[in-house]
Amino acid sequence: MAAPQAAHAAAADGPLAAPPALSWWRRLRWRPTSRAEGLFYERRVLDLLDGSYQQTDVQVGPGRDDFIHTVAGGTPVAPGSPAFVAVPGYSTGSSFLFKLFDGLSAATRLFAIDMLGTGLSGRPPFGARSREEAEQFFVESLESWRAAQGLDRMVLMGHSMGGYLSACYALAHPDRVQHLILMCPAGVGKRPDDWQLPAVLRDPWTLRGQLFRLATRLWDWGVTPGSIVRGMGPWGPSVTQKYCRSRFTRQKQLTEAEVAVFEQYHYHTLAPPGSGEFALKWVLQPFAWPWAPLEERMKELTCPVTFIYGEHDWMDSNAARRLTAAMAKHREPHFPGDLKVMITPDAGHYPAIDQPGSVLRQLADACGAYLPAAAREALLAAARREKFHGVELGDSTAALEAELEKNPLQAAAHEASEL
C-alpha cells in the first residue's frame with residue numbers, strides 16, 4: 001500500500017443545524033444516503049457529548065477511496081497519557097462507542113476510527129479471496145493509518161469484529177500495541193468437535209430447516225446486513241430505526257433525543273456501497289465460528305491483553321478464559337490488568353451503550369498501571385456520571401439459539417448485525 005498522505009477535514013467541527021441541502025432530483029434517490037449526510041449525523045451524535053471532537057479522513061493508500069475516517073478529540077488531563085484507538089464492530093461506525101468518548105478523551109489521546117471499507121471510511125473494491133487476504137486488507141490499512149498519525153505505540157480497543165481485526169493487527173505488529181483490549185470479540189473460540197445444529201434445523205424437510213439452508217447459502221454468497229438495507233432502498237431507514245429502537249431503548253440505554261440521531265447515523269454508515277463488510281464469509285462461518293480461531297493464534301502474543309464481555313453477551317467468554325490461561329503458560333502478566341477477563345454486569349453485546357459507566361470503570365482498572373493518576377481519576381469521574389441500567393437483554397447464546405429455532409432467517413440477520 002502506498003505511503004499515506006496527510007489527513008484532511010471531513011466536516012466542520014462545530015454544531016450543524018440541518019442536514020445538507022439536496023437538489024430535487026437527489027431526493028428521488030433509491031437509497032436515501034450520501035456521505036455528507038453520514039458526516040452530518042455523526043456530528044449530531046458527537047454534539048450530544050460534552051467534549052470537542054474533530055472528524056477527519058486519513059489517507060492510507062493511493063486511491064480516492066483509500067482513507068480511514070477518524071474521530072479525534074479531547075485534551076488529556078495529564079501529560080504522558082497514551083494514544084487510545086477505538087475500533088467498532090461489524091456493520092457499525094465508531095460512534096457506536098460514543099458513550100465512552102468523554103471519559104476516554106479526558107484520560108487519553110482518543111482516536112475512534114472506522115476501518116477501511118466500513119462506516120464513513122472510503123469504500124474501495126474488496127478483492128480478497130481468502131481469510132489471509134481479508135485480514136491483510138484491514139491490518140495493512142490500519143498500519144498505514146498509525147504511521148500517518150505519527151503514533152509510535154497505541155492502546156488498541158476493538159469491539160466484536162473490530163476486536164477480531166484488532167487482534168489480527170496485534171499479531172502482525174505487536175511492538176506497536178501498548179495494550180490490546182478486546183470487547184466482546186468475535187472469532188476467539190474454536191467450534192467444538194461435538195457441536196451440532198439444533199435438531200429442528202437439521203431436518204431438511206421442515207420449513208425451518210429450509211430457511212436455515214437459505215440463510216447459510218446467503219452467508220456463503222456474501223449477502224450482508226448492508227446488502228439487505230441497500231436493497232430495500234427507501235425502506236432501508238425504517239429497518240435501522242426499528243433495530244436501534246428495539247435494541248437500545250428497551251431499558252432507556254439511549255434517550256429519545258439520542259436514539260433519534262443515532263438511528264439516522266446507523267443507517268448512513270450501513271447503506272454506502274459494500275466493501276469491507278464482504279470480509280465476513282472469509283473470516284467467519286455461519287453461527288460466527290471462526291475459520292482461524294484466535295485462541296489458537298494468540299497464545300504466544302507478547303503485548304498485554306484484556307477481555308471485556310457483557311454479562312448477557314452472546315459471545316463466549318469461556319474461550320477468552322481458556323486463551324488467557326494458555327497465554328499465562330508462556331509469560332507473566334505485564335501488569336494487573338493483563339490477561340484478565342472482565343464481565344460487565346447487566347450488559348449485552350454492546351456494553352459501551354448498555355452500561356458505559358461500568359465499562360469506563362473496567363477500563364480504568366485495566367489500564368491503571370500505566371495511566372497517570374489524574375487520567376485514571378478522569379475515567380472514574382466520567383463513570384460516576386453515567387447511570388446504571390437494569391437491562392434484560394436477549395443477546396445471550398441461549399436467546400440466540402431460541403431465536404434460531406423460531407426464525408432462522410431473522411436470527412442469521414441478527415447474528416451478522418451483532419458482530
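The values are calculated or read from the model by the stated rules, or taken from the named source; none is laboratory data. In this text the structure is predicted, and so the values were computed from the model without any measurement. Glycine also receives a Cβ, built like all others from the backbone with ideal geometry; neighbour counts cover every protein chain displayed.
Here are the numbers:
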{"read-out": "Residue list for segment 339-363, filter: without any contact (Cβ under 8 Å) to a residue 40 or more places away in the chain and either under 17 Å from GLN178 (Cα atoms) or part of a strand (DSSP E or B) (or both)", "value": "LEU339, LYS340, VAL341, MET342, ILE343, THR344"}
{"read-out": "Which numbered condition SER81 fails, given (1) of a type in the set (Ser, Thr, Tyr); (2) modelled with pLDDT of 95 or more; (3) out of contact with any Leu (no Cβ under 6 Å at 6 or more places or on another chain)", "value": "(2)"}
{"read-out": "Those residues of segment 98-136 which are assigned to a helix (DSSP H, G or I) and either at pLDDT below 95 or closer than 20 Å to ILE353 by Cα (or both), in sequence order", "value": "PHE98, LYS99, LEU100, PHE101, ASP102, GLY103, LEU104, SER105, ALA106, ALA107"}
{"read-out": "Residue within segment 100-116 that is farther than 30 Å from LYS387 by Cβ and among the basic types (Lys, Arg) present", "value": "no"}
{"read-out": "Matching option when the condition is of a type outside the set (Ser, Thr, Tyr) and within 26 Å of TRP314 (Cα to Cα), among ALA170, ALA148, ALA128", "value": "ALA170"}
{"read-out": "Subset of segment 226-243 (residues that are surrounded by fewer than 21 Cβ atoms within 10 Å (Cβ to Cβ) and at negative phi)", "value": "SER227, ILE228, ARG230, GLY231, MET232, PRO234, TRP235, SER238, VAL239, GLN241, LYS242, TYR243"}
{"read-out": "Residue count for segment 75-97, restricted to those that are over 18 Å from ALA383 (Cβ atoms), assigned to a loop (DSSP other than H, G, I, E, B) and small (Gly, Ala, Ser)", "value": "4"}
{"read-out": "Pair list, Cβ under 6 Å, 6 or more apart: segment 71-94 residue within 24 Å of LEU116 (Cβ to Cβ), other residue of a type in the set (Asp, Glu) and surrounded by 20 or more Cβ atoms within 10 Å (Cβ to Cβ)", "value": "GLY93/ASP114; SER94/ASP114"}
{"read-out": "Which numbered condition PHE307 fails, given (1) part of a helix (DSSP H, G or I); (2) at pLDDT 95 or above", "value": "(1)"}
{"read-out": "Positions within segment 111-139 being aliphatic (A, V, I, L, M) and either more than 17 Å from the chain's Cα centre (by Cα) or under 17 Å from ASP66 (Cβ atoms) (or both), in sequence order", "value": "ILE113, MET115, LEU116, LEU120, ALA128, ALA134, VAL139"}
{"read-out": "Filter result for PRO185 (touching a residue at least 24 places away in the same chain (Cβ under 8 Å), in a loop (DSSP other than H, G, I, E, B) and not β-branched (Val, Ile, Thr))", "value": "yes"}
{"read-out": "Subset of segment 319-338 [among the polar types (S, T, N, Q) and part of a loop (DSSP other than H, G, I, E, B)]", "value": "none"}
{"read-out": "Residues of segment 56-70 satisfying the condition of being without any contact (Cβ under 8 Å) to a residue 60 or more places away in the chain and surrounded by 21 or more Cβ atoms within 10 Å (Cβ to Cβ)", "value": "PHE67, HIS69"}
{"read-out": "Residue among ALA364, ALA375, ALA352, ALA382 that is under 22 Å from ASP50 (Cα atoms), of a type outside the set (S, T, N, Q) and in contact with a Ser or Thr (Cβ under 7 Å, 6 or more places away or on another chain)", "value": "ALA375"}
{"read-out": "Whichever residue in segment 176-221 is of a type in the set (D, E, K, R) and over 23 Å from the mean Cα position of the chain (by Cα) and, among such residues, is nearest to LEU371 (Cα to Cα)", "value": "ASP193"}
{"read-out": "Test for GLY226: is it part of a loop (DSSP other than H, G, I, E, B), of a type in the set (Gly, Ala, Ser) and closer than 24 Å to GLY163 by Cβ", "value": "no"}
{"read-out": "GLY162 being in contact (Cβ under 8 Å) with a residue 60 or more places away in the chain, surrounded by 15 or more Cβ atoms within 10 Å (Cβ to Cβ) and either of a type outside the set (Ser, Thr, Tyr) or in a helix (DSSP H, G or I) (or both)", "value": "yes"}
